[in-house]
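The values are calculated or read from the model by the stated rules, or taken from the named source; none is laboratory data. Note that the coordinates shown come from a computational prediction; the quantities given were computed from them, not determined experimentally. Cβ coordinates were reconstructed from backbone atoms using ideal geometry, including for glycine residues, and neighbour counts include every protein chain displayed. With ligands, DNA and RNA removed, areas are computed over all heavy atoms of the protein, side chains included. Shrake-Rupley method; radii C 1.70, N 1.55, O 1.52, S 1.80 Å.
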Amino acid sequence: AQKVTQAQTEISVVEKEDVTLDCVYETRDTTYYLFWYKQPPSGELVFLIRRNSFDEQNEISGRYSWNFQKSTSSFNFTITASQVVDSAVYFCALTIFGNEKLTFGTGTRLTIIP
Amino acid sequence: DTGVSQDPRHKITKRGQNVTFRCDPISEHNRLYWYRQTLGQGPEFLTYFQNEAQLEKSRLLSDRFSAERPKGSFSTLEIQHTEQGDSAMYLCASSLGDSSGANVLTFGAGSRLTVL
């Protein structure tokens, strides 16, 4: 069975600070996909990034960056120079190859204080 | 394209009543998914369709739950004899993809159910 742990339930930072959201996953499968989704107050989950298990390259997209480390089964997400619009609940999720079922973590509620 | 639409957005019902939720996916998407999200938790998988075929159902989907996707377009999720434990946000998502599991899902805004 797959499991995703997001130990940080809530984080608050002052605007312009950097913040890292942690994600640790468990799976016995060697081929899998990791995702991050953002859920703003409107409730609609928005896709941010997908990574497959064979691609450990870190990725940067604007103020967002992701650090995938198979050795520690982690897929952490960093927001640089945070903005109020980044306030949301962020979910890390996992699926294994050939399986359509996404296993989500419990989410991290991020609040950016102006 | 207006994205994934769900109706109604909110539903309040009394215990024992039946409720039905509708989801209209992105038109060209062949896959449609239902998830359930309770307060403070991540979404939990319920079921998914490829076109009109329901290919997987979670153990969470008891006999009181039934989902359909006639003609491979919109989908309905019906809950019979609702219980207070059914109170949750029901999320619909769709994707265009293969069976690799790598599909990126586009979610709707959800249908919030409150069972009194």
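Table for the structure above
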quantity: Considering residues of the range A:27-47 that are of a type in the set (V, I, T) and in contact with a Lys or Arg (Cβ under 9 Å, 6 or more places away or on another chain) only, the residue nearest to the other protein chains (Cβ to nearest Cβ); calculated: A:V46
quantity: Residue among A:N52, A:N76, A:N58 that is surrounded by fewer than 20 Cβ atoms within 10 Å (Cβ to Cβ) and closer than 17 Å to B:L105 by Cα; calculated: A:N52
quantity: Qualifying residue in the range A:53-65 (condition: within 14 Å of chain B (Cβ to nearest Cβ), among the aromatic types (F, W, Y) and outside any loop (DSSP other than H, G, I, E, B)); calculated: no
quantity: Failed item in (1) closer than 22 Å to B:Y48 by Cα; (2) of a type outside the set (D, E); (3) touching a Gly at 6+ places or on another chain (Cβ under 9 Å); (4) surrounded by fewer than 16 Cβ atoms within 10 Å (Cβ to Cβ), with A:Y33 passing the rest; calculated: (4)
quantity: Positions within the range A:72-105 being closer than 14 Å to A:E26 by Cβ and either outside any strand (DSSP E or B) or away from chain B (no Cβ under 14 Å) (or both), in sequence order; calculated: A:T72, A:S73, A:S74, A:F75, A:G105
quantity: Residue match in the range B:65-73 (condition: part of a loop (DSSP other than H, G, I, E, B) and open to solvent by 80 Å² or more (accessible area, probe 1.4 Å)); calculated: no
quantity: Candidate set from the range B:25-50 (those that are polar (S, T, N, Q), under 25 Å from B:T13 (Cβ atoms) and out of contact with any Phe, Trp or Tyr (no Cβ under 6 Å at 6 or more places or on another chain)); member that is farthest from the other protein chains (Cβ to nearest Cβ); calculated: B:T38
quantity: Selection count where residues are over 15 Å from the mean Cα position of the chain (by Cα), of a type in the set (S, T, N, Q) and open to solvent by 50 Å² or more (accessible area, probe 1.4 Å), scope the range B:10-45; calculated: 4
quantity: Only listed residue being without any contact (Cβ under 8 Å) to a residue 12 or more places away in the chain and either in a loop (DSSP other than H, G, I, E, B) or under 28 Å from A:A88 (Cα atoms) (or both), chosen from B:S94, B:S27, B:S62; calculated: B:S62
quantity: Residue list for the range A:90-114, filter: among the aliphatic types (A, V, I, L, M) and surrounded by 22 or more Cβ atoms within 10 Å (Cβ to Cβ); calculated: A:A93, A:L94, A:L102
quantity: Residues satisfying the stated conditions in the range B:51-66, i.e. under 23 Å from A:A1 (Cβ atoms) and within 14 Å of another protein chain (Cβ to nearest Cβ); calculated: B:Q54, B:L55, B:E56, B:K57, B:S58, B:R59, B:L60, B:L61
quantity: Scan of the range B:74-86 for residues that are open to solvent by less than 20 Å² (accessible area, probe 1.4 Å) and in a loop (DSSP other than H, G, I, E, B), ordered by number; calculated: B:T82
